[in-house]
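Here is the structure we will look at.
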Amino acid sequence: MSMDLPEGMKLIDENGRRLDGRKADELRPIRIEAGVLRRADGSAYVEMGKNKILAAVYGPRECHPRHLQDPTRAIVQCHYNMLSFSVDDRKRPGPDRRSVEISKIVGEALEYSIFLEQFPRTSIDVYIAVLQANAGTRCAGLTAASVAVADAGIPMRDLIPACAAGKVADTVVLDLNKEEDNFGDADVPLAYIPRTGEVLLLQMDGHLTQAEFNRAIELAKGGCSQIYAVQQDALRRKYSIAAGENGGKEEEARGNEA
Ligand code: CDP
(Lines give C-alpha, C1' and ligand atoms only; values in the text may rest on other atoms or scores of the structure.)
Protein backbone atom coordinates (compact mmCIF):
# COMPACT_ATOMS: atom_id res chain seq x y z
CA MET A 1 0.00 0.00 0.00
CA SER A 2 1.23 3.47 -0.97
CA MET A 3 4.59 2.48 -2.42
CA ASP A 4 5.96 4.90 -5.03
CA LEU A 5 4.62 4.21 -8.50
CA PRO A 6 7.37 3.15 -10.95
CA GLU A 7 8.14 5.69 -13.73
CA GLY A 8 5.65 5.47 -16.57
CA MET A 9 3.22 3.13 -14.77
CA LYS A 10 -0.39 4.33 -14.85
CA LEU A 11 -2.81 2.50 -12.59
CA ILE A 12 -5.76 3.88 -14.57
CA ASP A 13 -5.43 4.99 -18.21
CA GLU A 14 -7.19 7.81 -20.04
CA ASN A 15 -10.08 5.45 -20.90
CA GLY A 16 -10.62 4.59 -17.27
CA ARG A 17 -9.13 1.10 -17.72
CA ARG A 18 -6.94 -0.50 -15.09
CA LEU A 19 -3.57 -2.25 -15.65
CA ASP A 20 -5.32 -5.56 -16.33
CA GLY A 21 -7.95 -3.93 -18.56
CA ARG A 22 -10.74 -3.92 -16.00
CA LYS A 23 -13.16 -1.09 -15.39
CA ALA A 24 -13.35 0.41 -11.90
CA ASP A 25 -16.32 -1.72 -10.85
CA GLU A 26 -15.18 -5.06 -12.31
CA LEU A 27 -14.08 -8.16 -10.42
CA ARG A 28 -11.18 -10.28 -11.61
CA PRO A 29 -12.30 -13.51 -13.30
CA ILE A 30 -13.41 -15.93 -10.58
CA ARG A 31 -13.68 -19.71 -10.62
CA ILE A 32 -14.78 -21.95 -7.76
CA GLU A 33 -14.77 -25.75 -7.51
CA ALA A 34 -16.30 -27.56 -4.54
CA GLY A 35 -15.12 -30.96 -3.29
CA VAL A 36 -11.65 -31.08 -4.80
CA LEU A 37 -9.91 -33.09 -2.05
CA ARG A 38 -10.78 -36.69 -1.25
CA ARG A 39 -9.34 -36.80 2.26
CA ALA A 40 -11.06 -33.70 3.65
CA ASP A 41 -14.67 -33.63 4.89
CA GLY A 42 -15.20 -30.59 2.71
CA SER A 43 -13.00 -28.66 0.32
CA ALA A 44 -12.95 -25.95 -2.31
CA TYR A 45 -10.57 -24.41 -4.82
CA VAL A 46 -10.83 -20.74 -5.77
CA GLU A 47 -9.10 -18.79 -8.50
CA MET A 48 -9.63 -15.07 -8.36
CA GLY A 49 -7.49 -13.39 -10.97
CA LYS A 50 -4.01 -14.73 -10.28
CA ASN A 51 -4.88 -15.92 -6.77
CA LYS A 52 -5.04 -19.71 -6.41
CA ILE A 53 -6.37 -20.94 -3.10
CA LEU A 54 -7.32 -24.31 -1.63
CA ALA A 55 -9.49 -24.70 1.45
CA ALA A 56 -9.99 -27.93 3.39
CA VAL A 57 -12.39 -28.50 6.27
CA TYR A 58 -12.29 -31.29 8.86
CA GLY A 59 -14.93 -31.85 11.48
CA PRO A 60 -16.83 -31.29 13.61
CA ARG A 61 -14.29 -33.56 15.35
CA GLU A 62 -12.68 -33.99 18.75
CA CYS A 63 -11.18 -30.71 19.86
CA HIS A 64 -7.39 -30.48 20.18
CA PRO A 65 -5.89 -28.90 22.19
CA ARG A 66 -8.37 -30.09 24.79
CA HIS A 67 -8.32 -26.90 26.86
CA LEU A 68 -9.98 -25.02 23.99
CA GLN A 69 -12.99 -27.34 24.12
CA ASP A 70 -16.28 -25.52 24.80
CA PRO A 71 -19.04 -27.61 26.43
CA THR A 72 -21.73 -25.42 24.83
CA ARG A 73 -20.59 -25.21 21.22
CA ALA A 74 -18.05 -26.04 18.54
CA ILE A 75 -15.02 -23.86 17.96
CA VAL A 76 -13.55 -22.99 14.58
CA GLN A 77 -9.78 -23.31 14.28
CA CYS A 78 -8.71 -21.59 11.10
CA HIS A 79 -5.19 -21.84 9.67
CA TYR A 80 -4.35 -19.48 6.82
CA ASN A 81 -1.04 -20.35 5.23
CA MET A 82 0.75 -18.76 2.31
CA LEU A 83 3.08 -21.30 0.68
CA SER A 84 6.74 -20.39 0.10
CA PHE A 85 6.33 -20.37 -3.67
CA SER A 86 3.08 -18.36 -3.67
CA VAL A 87 4.74 -14.94 -3.93
CA ASP A 88 7.62 -13.39 -5.91
CA ASP A 89 10.11 -13.47 -3.03
CA ARG A 90 10.19 -16.82 -1.29
CA LYS A 91 7.90 -16.54 1.71
CA ARG A 92 9.47 -17.79 4.91
CA PRO A 93 7.45 -20.87 5.89
CA GLY A 94 5.40 -20.95 9.06
CA PRO A 95 3.05 -18.60 10.83
CA ASP A 96 3.76 -14.89 11.02
CA ARG A 97 1.85 -11.86 12.31
CA ARG A 98 -0.07 -11.51 9.08
CA SER A 99 -1.20 -15.14 8.88
CA VAL A 100 -2.22 -15.12 12.55
CA GLU A 101 -4.36 -12.03 11.92
CA ILE A 102 -5.96 -13.45 8.78
CA SER A 103 -6.64 -16.82 10.44
CA LYS A 104 -8.37 -14.99 13.30
CA ILE A 105 -10.64 -12.77 11.22
CA VAL A 106 -11.55 -15.48 8.72
CA GLY A 107 -12.23 -17.94 11.58
CA GLU A 108 -14.46 -15.38 13.31
CA ALA A 109 -16.50 -14.81 10.15
CA LEU A 110 -16.99 -18.57 9.79
CA GLU A 111 -17.95 -18.91 13.49
CA TYR A 112 -20.65 -16.34 12.97
CA SER A 113 -22.17 -18.29 10.11
CA ILE A 114 -21.90 -21.87 11.39
CA PHE A 115 -24.49 -23.26 13.84
CA LEU A 116 -21.81 -23.97 16.44
CA GLU A 117 -24.21 -24.81 19.24
CA GLN A 118 -25.23 -27.98 17.38
CA PHE A 119 -21.78 -29.50 17.97
CA PRO A 120 -20.68 -28.93 21.57
CA ARG A 121 -17.09 -29.84 22.56
CA THR A 122 -15.92 -30.23 18.98
CA SER A 123 -13.57 -28.38 16.68
CA ILE A 124 -14.16 -27.48 13.05
CA ASP A 125 -10.70 -27.22 11.53
CA VAL A 126 -10.32 -25.03 8.46
CA TYR A 127 -7.11 -24.95 6.45
CA ILE A 128 -6.53 -22.29 3.80
CA ALA A 129 -3.50 -22.79 1.58
CA VAL A 130 -2.54 -19.95 -0.72
CA LEU A 131 -0.78 -21.57 -3.68
CA GLN A 132 -0.41 -18.34 -5.62
CA ALA A 133 -0.99 -14.87 -4.19
CA ASN A 134 -1.88 -11.68 -6.03
CA ALA A 135 -3.65 -9.52 -3.41
CA GLY A 136 -7.04 -10.16 -1.88
CA THR A 137 -6.12 -13.59 -0.54
CA ARG A 138 -7.93 -13.15 2.79
CA CYS A 139 -11.17 -12.55 0.87
CA ALA A 140 -10.61 -15.33 -1.65
CA GLY A 141 -9.58 -17.57 1.28
CA LEU A 142 -12.81 -16.88 3.17
CA THR A 143 -14.84 -17.32 -0.02
CA ALA A 144 -13.18 -20.74 -0.49
CA ALA A 145 -13.43 -21.75 3.17
CA SER A 146 -17.16 -21.10 3.38
CA VAL A 147 -17.79 -23.27 0.29
CA ALA A 148 -15.63 -25.97 1.89
CA VAL A 149 -17.69 -25.78 5.12
CA ALA A 150 -20.89 -26.16 3.12
CA ASP A 151 -19.30 -29.02 1.17
CA ALA A 152 -18.53 -30.71 4.50
CA GLY A 153 -22.28 -30.68 5.21
CA ILE A 154 -21.85 -28.48 8.27
CA PRO A 155 -25.05 -26.50 8.89
CA MET A 156 -24.51 -22.79 8.42
CA ARG A 157 -26.62 -19.65 8.13
CA ASP A 158 -25.26 -18.83 4.71
CA LEU A 159 -22.26 -18.88 2.42
CA ILE A 160 -19.83 -16.01 2.98
CA PRO A 161 -18.66 -14.20 -0.13
CA ALA A 162 -15.83 -11.70 0.33
CA CYS A 163 -13.93 -9.22 -1.80
CA ALA A 164 -12.08 -5.95 -1.40
CA ALA A 165 -12.56 -2.50 -2.82
CA GLY A 166 -10.10 0.35 -2.53
CA LYS A 167 -8.64 3.46 -4.04
CA VAL A 168 -6.03 3.73 -6.78
CA ALA A 169 -5.08 6.86 -8.74
CA ASP A 170 -7.85 8.84 -7.02
CA THR A 171 -10.49 6.35 -8.15
CA VAL A 172 -12.45 3.93 -6.00
CA VAL A 173 -12.13 0.48 -7.59
CA LEU A 174 -13.31 -3.08 -6.93
CA ASP A 175 -11.06 -6.06 -6.17
CA LEU A 176 -7.49 -4.70 -6.19
CA ASN A 177 -4.76 -6.79 -7.80
CA LYS A 178 -1.15 -6.88 -6.58
CA GLU A 179 0.06 -3.73 -8.36
CA GLU A 180 -3.02 -1.82 -7.24
CA ASP A 181 -2.55 -3.05 -3.68
CA ASN A 182 1.14 -2.08 -3.68
CA PHE A 183 0.83 1.33 -5.33
CA GLY A 184 -2.73 2.26 -4.39
CA ASP A 185 -3.98 4.42 -1.53
CA ALA A 186 -6.45 2.19 0.30
CA ASP A 187 -7.74 -1.37 0.50
CA VAL A 188 -11.04 -2.34 2.17
CA PRO A 189 -11.75 -6.09 2.42
CA LEU A 190 -15.41 -6.90 3.03
CA ALA A 191 -17.38 -10.08 3.67
CA TYR A 192 -21.06 -9.46 3.14
CA ILE A 193 -24.10 -11.72 3.02
CA PRO A 194 -26.38 -10.37 0.29
CA ARG A 195 -29.47 -12.21 1.59
CA THR A 196 -29.40 -10.63 5.05
CA GLY A 197 -27.22 -7.56 4.58
CA GLU A 198 -24.85 -8.71 7.34
CA VAL A 199 -21.19 -7.71 7.33
CA LEU A 200 -18.91 -10.45 8.70
CA LEU A 201 -15.52 -8.93 7.95
CA LEU A 202 -14.48 -5.36 7.37
CA GLN A 203 -10.98 -3.93 7.49
CA MET A 204 -9.31 -0.86 6.07
CA ASP A 205 -5.70 -0.27 5.14
CA GLY A 206 -4.96 3.29 3.97
CA HIS A 207 -7.04 6.44 3.92
CA LEU A 208 -10.42 7.26 2.36
CA THR A 209 -12.86 10.11 2.72
CA GLN A 210 -16.32 9.26 4.03
CA ALA A 211 -17.73 9.47 0.49
CA GLU A 212 -14.96 7.26 -0.91
CA PHE A 213 -15.49 4.75 1.89
CA ASN A 214 -19.21 4.60 1.13
CA ARG A 215 -18.48 4.06 -2.55
CA ALA A 216 -15.93 1.34 -1.72
CA ILE A 217 -18.50 -0.48 0.42
CA GLU A 218 -21.10 -0.17 -2.33
CA LEU A 219 -18.67 -1.66 -4.88
CA ALA A 220 -17.56 -4.45 -2.53
CA LYS A 221 -21.17 -5.37 -1.76
CA GLY A 222 -21.83 -5.66 -5.49
CA GLY A 223 -18.72 -7.85 -5.82
CA CYS A 224 -19.90 -10.07 -2.95
CA SER A 225 -23.27 -10.57 -4.68
CA GLN A 226 -21.52 -11.79 -7.82
CA ILE A 227 -19.19 -14.09 -5.87
CA TYR A 228 -22.15 -15.47 -3.90
CA ALA A 229 -23.75 -16.67 -7.14
CA VAL A 230 -20.48 -18.37 -8.18
CA GLN A 231 -20.24 -20.08 -4.76
CA GLN A 232 -23.78 -21.40 -5.04
CA ASP A 233 -23.11 -22.59 -8.57
CA ALA A 234 -19.98 -24.49 -7.43
CA LEU A 235 -22.00 -26.40 -4.82
CA ARG A 236 -24.86 -27.03 -7.21
CA ARG A 237 -22.43 -28.41 -9.80
CA LYS A 238 -20.83 -30.74 -7.31
CA TYR A 239 -24.13 -32.11 -6.04
CA SER A 240 -25.74 -32.43 -9.45
CA ILE A 241 -22.73 -34.55 -10.44
CA ALA A 242 -23.02 -36.60 -7.26
CA ALA A 243 -26.73 -37.11 -7.94
CA GLY A 244 -25.84 -38.59 -11.34
CA GLU A 245 -27.10 -35.69 -13.39
CA ASN A 246 -24.96 -34.65 -16.42
CA GLY A 247 -25.02 -38.31 -17.46
CA GLY A 248 -22.36 -39.06 -14.80
CA LYS A 249 -19.64 -38.03 -17.24
CA GLU A 250 -18.01 -35.47 -15.03
CA GLU A 251 -18.18 -37.83 -12.11
CA GLU A 252 -16.19 -40.39 -14.09
CA ALA A 253 -13.61 -37.80 -14.95
CA ARG A 254 -13.37 -36.71 -11.32
CA GLY A 255 -13.13 -40.33 -10.11
CA ASN A 256 -10.18 -40.93 -12.42
CA GLU A 257 -8.48 -37.80 -11.20
CA ALA A 258 -8.78 -38.49 -7.51
O1 CDP B 1 -3.78 -11.01 0.38
P2 CDP B 1 -4.45 -9.88 1.12
O3 CDP B 1 -4.72 -8.69 0.22
O4 CDP B 1 -5.67 -10.33 1.86
O5 CDP B 1 -3.45 -9.41 2.27
P6 CDP B 1 -2.30 -8.29 2.23
O7 CDP B 1 -1.54 -8.44 3.52
O8 CDP B 1 -2.89 -6.97 1.88
O9 CDP B 1 -1.33 -8.76 1.07
C10 CDP B 1 -1.48 -8.33 -0.23
C11 CDP B 1 -0.63 -9.16 -1.16
O12 CDP B 1 0.74 -8.93 -0.91
C13 CDP B 1 -0.78 -10.66 -1.02
O14 CDP B 1 -1.95 -11.17 -1.63
C15 CDP B 1 0.47 -11.13 -1.73
O16 CDP B 1 0.27 -11.11 -3.13
C17 CDP B 1 1.47 -10.06 -1.34
N18 CDP B 1 2.36 -10.53 -0.26
C19 CDP B 1 3.65 -10.90 -0.59
O20 CDP B 1 4.03 -10.82 -1.77
N21 CDP B 1 4.50 -11.40 0.37
C22 CDP B 1 4.09 -11.51 1.67
N23 CDP B 1 4.92 -11.98 2.60
C24 CDP B 1 2.78 -11.12 2.01
C25 CDP B 1 1.95 -10.62 1.02
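So the values come out like this:
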quantity	calculated
V188 assigned to a strand (DSSP E or B), within 17 Å of the chain's Cα centre (by Cα) and within 23 Å of A24 (Cβ to Cβ)	yes
Test: residue in segment 107-124 that is surrounded by fewer than 13 Cβ atoms within 10 Å (Cβ to Cβ), part of a loop (DSSP other than H, G, I, E, B), over 16 Å from the mean Cα position of the chain (by Cα) and touching a residue at least 24 places away in the same chain (Cβ under 8 Å)	yes
Test for Q69: is it more than 16 Å from the ligand (Cβ to nearest atom) and more than 24 Å from M204 (Cβ to Cβ)	yes
Of residues in segment 94-106 being among the charged types (D, E, K, R) and over 14 Å from the mean Cα position of the chain (by Cα), the one surrounded by the fewest Cβ atoms within 10 Å (Cβ to Cβ)	R97
Filter result (closer than 20 Å to A145 by Cβ and either buried (at least 18 other Cβ atoms within 10 Å of the Cβ) or touching a Gly at 6+ places or on another chain (Cβ under 8 Å) (or both)) within segment 189-220	P189, L190, A191, Y192, I193, L200, L201, A220
Qualifying residues in segment 210-247 (those that are within 24 Å of G35 (Cβ to Cβ) and β-branched (V, I, T)) - the one farthest from the chain's Cα centre (by Cα)	I241
Residue in segment 171-183 that is farther than 27 Å from V149 by Cβ, in a loop (DSSP other than H, G, I, E, B), more than 16 Å from the chain's Cα centre (by Cα) and of a type outside the set (G, A, S) present	no
Pairs where the first residue, in segment 126-139, is at positive phi and the second is outside any helix (DSSP H, G or I) and more than 6 Å from the ligand (Cβ to nearest atom), C-beta under 7 Å, 6+ apart	A135/L176; A135/N177; G136/M48; G136/N51; G136/C163; G136/A164; G136/D175; G136/L176
Residue among A229, A211, A243, A234 that is away from the ligand (no atom under 16 Å from the Cβ) and at pLDDT below 95	A243
Residue check, L176 within 16 Å of the ligand (Cβ to nearest atom) and not hydroxyl-bearing (S, T, Y)	yes
Considering residues of segment 96-124 that are small (G, A, S) and within 16 Å of the ligand (Cβ to nearest atom) only, the residue farthest from Q69 (Cα to Cα)	S99
Residues of segment 125-166 classified as among the basic types (K, R), surrounded by fewer than 24 Cβ atoms within 10 Å (Cβ to Cβ) and within 16 Å of the ligand (Cβ to nearest atom), total	0
Residue within segment 108-123 that is touching a Pro at 6+ places or on another chain (Cβ under 8 Å), closer than 29 Å to K238 by Cα and of a type in the set (D, E, K, R) present	no
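The values are calculated or read from the model by the stated rules, or taken from the named source; none is laboratory data. Small disclaimer: the values here were computed from a predicted structure and weren't measured. Note that we place each Cβ from the backbone using ideal geometry, even for glycine, and neighbour counts take in every protein chain shown.
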